[in-house]
There are 2 protein chains.
Amino acid sequence: MSVHREIRTQMQDCGDCPIRHRAVCARCEADELAQLEQIKYYRSYQAGQTVIWSGDKMDFVASVVTGIATLTQTMEDGRRQMVGLLLPSDFVGRPGRSYAAYDVTATTDLVMCCFRRKPFEEMMGSTPHIAQRLLEMTLDELDAAREWMLLLGRKTAREKIASLLAIIARRDASLKQPRTAATMTFDLPLTREEMSDYLGLTLETVSRQMSALKRDGIITLDGKRQVTIPSMDALMDETGDDSDGGYLV
Amino acid sequence: MSVHREIRTQMQDCGDCPIRHRAVCARCEADELAQLEQIKYYRSYQAGQTVIWSGDKMDFVASVVTGIATLTQTMEDGRRQMVGLLLPSDFVGRPGRSYAAYDVTATTDLVMCCFRRKPFEEMMGSTPHIAQRLLEMTLDELDAAREWMLLLGRKTAREKIASLLAIIARRDASLKQPRTAATMTFDLPLTREEMSDYLGLTLETVSRQMSALKRDGIITLDGKRQVTIPSMDALMDETGDDSDGGYLV
DNA sequence: CGCCGCGTTGAAGCGTCTCAAAATCCGTGG
DNA sequence: CCACGGATTTTGAGACGCTTCAACGCGGCG
């Protein structure tokens, strides 16, 4: 994995922002947005590049604009566990904390909208709309983390893979095809190793279970990355979740 | 486990509250506290009693005042995973959500300070101090959940047990003995089965690893529940964590 | 062309689970 | 005070699922 240079991206108007209505700024009024524009700047990273290392000084917080990033923890002996998958509109960093608690890595090409930390923290105090939205997003993250705890602690390898595919498929569908098509196709944004880091498995087990799901007709593969799900119901049956789980809100 | 009747506890002044400075109300001024007193009421539960079932209607949020509660998720076939351990000052429920997302159970006798949900949500809008503190607490919870994801996904059974004991010991020390005594003793608030639900293990594996830690002199047991840790350093060596992990903030 | 990153597949080992039985603890009633 | 019964915990033996170690296949790129 070669090291790429970090690239600064040209300024952009918040009005045109693709994550305007979902990110931490979602509830801001025009004047508040203008204030945010004062302290924001964009950064781009290439696939594979590290955004920040755990323990490093972090003088910004940010929103993912496009692309996918991951949060991972690493033990002394090299065991790794992914603890977050950051999608467009997701928030990176913690107000009030000056160092990074996790490794942040770009798994695809990535653009982030960064805010200098100090001014952002001051704005949080004076702008309830930001703090409100951040609370809501953090509560959602906490729910997601707890669902992942169930997966890590109690699901079988096959159920783990099926759950991950279901999550990616559902998210992909919400962007590409608002209607619930019976059959869906998407590109896996993660390597087998990244999948294994997320699921608490080895990459060999991931590969074997992918093959098993293919053999059983739950998924089909074009190349290594493009996944087609003929029946979302059949996939859901493999996740171990309640049939109605996640739909009632 | 017999079903006990829920008991209402007599009113109490916020000024005397043992969690006054750590709970969701920690930053409130006197007038804000007075407002909270209007919508608060206490509830007590006996050890083993269920506070609320996942999916049930939940028209309050609450703080744990004394005792310990757990959040657990259950799969259709009965597999269970604990996703939260609620200690005094911890918050229960989610503003804006009218049903419970998890089973909440009292593992010891428990007293909660409950707020009617609707008035509490209104207060959150008008009282930044509450929302600020809740955000801070939620971010802490998220960090804890992510640390638990590493444990569930990557640690061995022995490391899991050692980690749990270390967490309980450290918390207990922060209450009972502010100084870092070399040797510490505490009562386990969890049964073997509850420990297994937290750690993603079977209760038999928990029991075996407890015996192994005892055999190796990492812990000593008086009865089944009272644990003594002769050397906190020796215990920390068994957790798999960095030697300096968790201390730098 | 040959290298390298990524993915697949195989075989053996090991850690945890499952099933089973015995030991211990604790509240209750005699 | 002791006996009893049920809940909890411990311990054992075998099974099983995932990991480990290893070899091989595939595709892109210098």
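The values are calculated or read from the model by the stated rules, or taken from the named source; none is laboratory data. Since the structure is predicted, the reported quantities are computational estimates derived from the model, not experimental observations. For neighbour counting, all protein chains shown are included, and Cβ atoms are generated from backbone atoms with ideal geometry for every residue, glycine included.
Would you confirm, using the coordinates I've provided, whether A:Gln132 is assigned to a helix (DSSP H, G or I) and in contact with a Ser or Thr (Cβ under 8 Å, 6 or more places away or on another chain)? Walk me through how you get there before you give the answer.
On the way: assigned to a helix (DSSP H, G or I): yes; in contact with a Ser or Thr (Cβ under 8 Å, 6 or more places away or on another chain): no.
In short, no.
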task: Could you tell me which residue of segment B:10-56 is modelled with the highest pLDDT, considering only residues that are more than 21 Å from the chain's Cα centre (by Cα), polar (S, T, N, Q) and assigned to a loop (DSSP other than H, G, I, E, B)?
output: B:Gln12
field: Residue among B:Arg94, B:Arg117 that alone is in contact with a helix residue (DSSP H, G or I) (Cβ under 7 Å, 6 or more places away or on another chain), closer than 23 Å to A:Ala144 by Cα and either touching a residue at least 40 places away in the same chain (Cβ under 8 Å) or not aromatic (Phe, Trp, Tyr) (or both)
entry: B:Arg94
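Do we find a residue being β-branched (Val, Ile, Thr) and at pLDDT 95 or above anywhere in segment A:141-156?
So in segment A:141-156, the residues β-branched (Val, Ile, Thr) come out as A:156.
Narrowing further to those that are at pLDDT 95 or above: A:156.
Scanning segment A:141-156, I find at least one residue that is β-branched (Val, Ile, Thr) and at pLDDT 95 or above, so the answer is yes.
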query: Scanning segment B:151-167 for residues that are surrounded by 22 or more Cβ atoms within 10 Å (Cβ to Cβ) and more than 13 Å from every other protein chain (Cβ to nearest Cβ), which turns out nearest to B:Leu201 (Cα to Cα)?
result: B:Ile161
query: Quick one: B:Ala131 ticks every box in (1) aliphatic (A, V, I, L, M); (2) more than 28 Å from A:Thr74 (Cβ to Cβ); (3) surrounded by fewer than 20 Cβ atoms within 10 Å (Cβ to Cβ) bar one, so which box is it?
result: (3)
message: So A:Trp148 ticks every box in (1) in contact with a strand residue (DSSP E or B) (Cβ under 9 Å, 6 or more places away or on another chain); (2) within 22 Å of A:Gln73 (Cα to Cα); (3) within 14 Å of DNA strand D (Cβ to nearest atom) but one. Which box is left unticked?
response: (3)
query: Which of the residues belonging to segment B:221-235 are surrounded by 15 or more Cβ atoms within 10 Å (Cβ to Cβ) and in a strand (DSSP E or B)?
result: B:Val227, B:Ile229
message: Please go through (1) within 14 Å of chain A (Cβ to nearest Cβ); (2) surrounded by fewer than 20 Cβ atoms within 10 Å (Cβ to Cβ); (3) within 16 Å of DNA strand C (Cβ to nearest atom) for B:Trp148 and return the number of the only condition it doesn't satisfy.
response: (2)
field: Selected residue (criterion: farthest from A:Met137 (Cα to Cα)) from residues of segment B:122-145 that are more than 8 Å from every other protein chain (Cβ to nearest Cβ) and under 17 Å from the mean Cα position of the chain (by Cα)
entry: B:Ala144
- prompt: Mind checking which residues of segment B:67-76 are at pLDDT 95 or above and not hydrophobic (A, V, I, L, M, F, W, C)?
  reply: B:Thr70, B:Thr72, B:Gln73, B:Thr74
message: Against the condition assigned to a helix (DSSP H, G or I), more than 10 Å from every other protein chain (Cβ to nearest Cβ) and within 12 Å of DNA strand D (Cβ to nearest atom), how does B:Leu175 come out, does it pass?
response: no
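Regarding B:Asp103, is this residue among the charged types (D, E, K, R) and under 13 Å from the mean Cα position of the chain (by Cα)? So that I can check it myself, show each step before the final result.
Numbers: among the charged types (D, E, K, R): yes; under 13 Å from the mean Cα position of the chain (by Cα): no.
So B:Asp103 does not fit the description; no.
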task: Give the residue that is farthest from B:Pro18 (Cα to Cα), with candidates limited to residues of segment B:86-121 that are at the interface with another protein chain (Cβ under 10 Å from one of its Cβ atoms) and of a type in the set (Phe, Trp, Tyr).
output: B:Tyr99
